[in-house]
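Worksheet for the structure shown next.
The values are calculated or read from the model by the stated rules, or taken from the named source; none is laboratory data. This is a predicted model, so every value here is computed, not measured. A quick note on method: Cβ atoms are made from the backbone with ideal geometry, for glycine too, and the neighbour counts reach across all protein chains shown.
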């Protein structure tokens, strides 16, 4: 198979000017990442800074209600409040080994921006975050958090002024600053080797979850369910289970409002088509003429018109299935989990949970279902309060 | 195979003791009608090769000037199909060689083989795809080569001699050397004299490529051309022409300055 491909998807579709830093990163992945020294440092950071392993929590109340055994992999308990830090601390360590003094990163909702900024602060790197101008406005709390961690936040005023344009701006900046700077890509997407690197760093989710299931339940789960935007928490939650044929893998995309004609963020489960964006061949939301369309989700972290190439390949091979739920299903799941289990999920993770709540009746009774709770929901309180006010 | 027209046009300029001039304008800019008038003017005013941009929603190799112009074209309804059919309607009209420049995705959605056939029969001689590095170029060559359509490589200051040689092994038409580590519209670090890294890069490119080498990105003033003689065969003007038109000028006036 060609370098950097998962089936028909992946690759390195970047200007030649970006090939040297990508080749440098490939080399670092082969040489530094597997070394004992690096792995020891990473393990230590994950244990003492990130707070791993995160818990696997059984949900007694919702399980009784649903007729399946519901487990949550608690990435909301990781430092920063989401799985994003698994990736950023690993990439920041790698950047230091490469002699880089600065991280740059894109962010949509701001979660990856915050995780990059805190990893940079921890490791003494300077940090610049590219963020769409609309997102800077919508996510001002995260902008303040990034700045408190010492990062510079650059507002991107081009195109749709959201995540996809922040990625364009970060790629452009990386061309100019590749000598001193590592691009800390936020999801398992983009040009090779990012999809592989981010998967390797997020696979800790499923390594832990698999061992915890065997320990706490005495068996493997029947289902692993995770939300998919770019797909980093999902690929991390799936990876160790891919070779366990009995474990069904379900990726849940954001269907947006669900109204015909409205934008969504579901290139795999709705009408996405193969194309090339942000350095990768994957499934995209685009016009027949190959122009990328805006996306939408109530969960800012799922709001992306593409998806990581390995998810496109897992769908094509049939190993994982991809579905979508609407904004309202996710919001209801947010409220259900808060009320019945005392855990407030991020709106992103609420999509995965929403699919389980909606479809539990169709699952075999007593099935063990692990949902990757990719982040905590405090950041989404304004959105949820608006929803409750509308419903009332 | 016969020598590509692009190579011939650039070599003809060299025979006259000058750099070939390669202006760029996004297809449909500043509007769908005036665009073709401006292309006529470029052709009549001494452009040796004309680059027509194929607008894309997410142009990562371009700076704000080209991006803004491209998005404006898309809003006005410019499509690749429109560019190719309008170009086909003008086939044989231009003295200059014609290059299409853009990104892979619109070409893929048009259909790679169909694009190669339609572009060649519309009178295009070469194509620059800014997001296709050597590693991903095999399928493109497989579609373009049989049609005589050149895939023009883009290399730069950070391209090693080894990678230049890879591109050199397949290059047709000309090679495009990017003078700054940045996107289109970035100001070059030189005024008249070339910085040593650009000189070294151009020398390395001249060794790696049998085809002529064009220098682009960051050319703002005619004085900059003087330092390029003997090192580069052609100069590309990207955002400069867009700025000139935005400032109320036209293509003829622009070419006047650089000739």
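Which members of the range B:143-153 meet the condition of being within 14 Å of another protein chain (Cβ to nearest Cβ) and surrounded by fewer than 24 Cβ atoms within 10 Å (Cβ to Cβ)? Steps first, please.
Residues of the range B:143-153 that are within 14 Å of another protein chain (Cβ to nearest Cβ), as a first pass: B:151-153.
Listed by number, the list holds a single entry, B:151.
Checked against (1) within 11 Å of another protein chain (Cβ to nearest Cβ); (2) free of Cβ contacts under 8 Å to residues at least 12 places away in the same chain; (3) over 26 Å from residue A:306 (Cα atoms), residue B:138 passes all but a single condition, namely (3). Please tell me if residue A:43 is more than 14 Å from every other protein chain (Cβ to nearest Cβ) and more than 23 Å from the chain's Cα centre (by Cα). Here the answer is no, as residue A:43 does not meet what is asked.
Take the conditions under 29 Å from residue A:26 (Cβ atoms) and either surrounded by fewer than 20 Cβ atoms within 10 Å (Cβ to Cβ) or modelled with pLDDT of 95 or more (or both) and apply them to residue A:193. Does it pass? Criteria met by residue A:193.
Within the group A:256, A:229, which residue is at positive phi, away from chain B (no Cβ under 14 Å) and part of a loop (DSSP other than H, G, I, E, B)?
On the way: A:229 fails: at positive phi.
Residue meeting the stated conditions: A:256.
When A:55, A:95, A:64, A:30 are checked against the criterion of being more than 14 Å from chain B (Cβ to nearest Cβ) and buried (at least 19 other Cβ atoms within 10 Å of the Cβ), A:95 stands alone in meeting it.
State yes or no: is residue A:114 under 28 Å from residue A:46 (Cα atoms), more than 14 Å from every other protein chain (Cβ to nearest Cβ), crowded, with 24+ Cβ neighbours inside 10 Å and in contact (Cβ under 8 Å) with a residue 24 or more places away in the chain?
Details: under 28 Å from residue A:46 (Cα atoms): yes; more than 14 Å from every other protein chain (Cβ to nearest Cβ): yes; crowded, with 24+ Cβ neighbours inside 10 Å: yes; in contact (Cβ under 8 Å) with a residue 24 or more places away in the chain: yes.
Yes: the conditions hold for residue A:114.
In the set (1) surrounded by 23 or more Cβ atoms within 10 Å (Cβ to Cβ); (2) closer than 26 Å to residue B:84 by Cβ; (3) more than 14 Å from chain A (Cβ to nearest Cβ), residue B:215 fails one condition alone, (2).
Counting only residues that are within 15 Å of residue B:194 (Cβ to Cβ), give me the helices (runs of 4 or more DSSP H) lying completely in the range B:212-259 with at least 2 of them. It would help to see each step written out before you state the result.
Working: elements: B:223-226, B:239-246, B:251-258.
Result: B:223-226.
With the condition kept exactly as written, say whether any residue in the range B:110-122 is in a strand (DSSP E or B) and either more than 10 Å from chain A (Cβ to nearest Cβ) or in contact with a helix residue (DSSP H, G or I) (Cβ under 7 Å, 6 or more places away or on another chain) (or both). There is no residue in the range B:110-122 that is in a strand (DSSP E or B) and either more than 10 Å from chain A (Cβ to nearest Cβ) or in contact with a helix residue (DSSP H, G or I) (Cβ under 7 Å, 6 or more places away or on another chain) (or both). Are any residues in the range B:168-178 surrounded by fewer than 24 Cβ atoms within 10 Å (Cβ to Cβ) and outside any loop (DSSP other than H, G, I, E, B), and if so, which ones? Across the range B:168-178, the qualifying residue is only B:168.
Taking the range B:1-94 and the helices (runs of 4 or more DSSP H) fully enclosed by it, the elements with 1 or more residues that are more than 14 Å from every other protein chain (Cβ to nearest Cβ) are at B:5-15, B:32-44, B:80-89.
Identify, please: which residue in the range B:168-181 is in contact (Cβ under 8 Å) with a residue 40 or more places away in the chain and under 24 Å from residue A:177 (Cα atoms) and is, among those, farthest from the chain's Cα centre (by Cα)? Lay out the reasoning, then the answer.
Taking the range B:168-181 first, the residues in contact (Cβ under 8 Å) with a residue 40 or more places away in the chain are B:168, B:171-174, B:176-177, B:179.
Imposing the further condition that a residue be under 24 Å from residue A:177 (Cα atoms) reduces the set to B:176-177, B:179.
Values: B:176: 8, B:177: 10, B:179: 14 Å.
Step by step, filter the range B:168-181, then rank; the result is B:179.
Identify, from the list B:226, B:232, B:208, the residue that is out of contact with any strand residue (DSSP E or B) (no Cβ under 7 Å at 6 or more places or on another chain), surrounded by 21 or more Cβ atoms within 10 Å (Cβ to Cβ) and farther than 28 Å from residue B:28 by Cα.
Criteria check complete, one pass: B:208.
Out of everything in the range A:176-190 that is crowded, with 24+ Cβ neighbours inside 10 Å and not in a loop (DSSP other than H, G, I, E, B), what residue ends up being farthest from the other protein chains (Cβ to nearest Cβ)? Steps first, answer last, please.
We begin by selecting, within the range A:176-190, every residue crowded, with 24+ Cβ neighbours inside 10 Å; these are A:182-190.
Those still in the list that are not in a loop (DSSP other than H, G, I, E, B) too: A:182-183.
On the way: A:182: 15, A:183: 12 Å.
Per the criteria, the residue is A:182.
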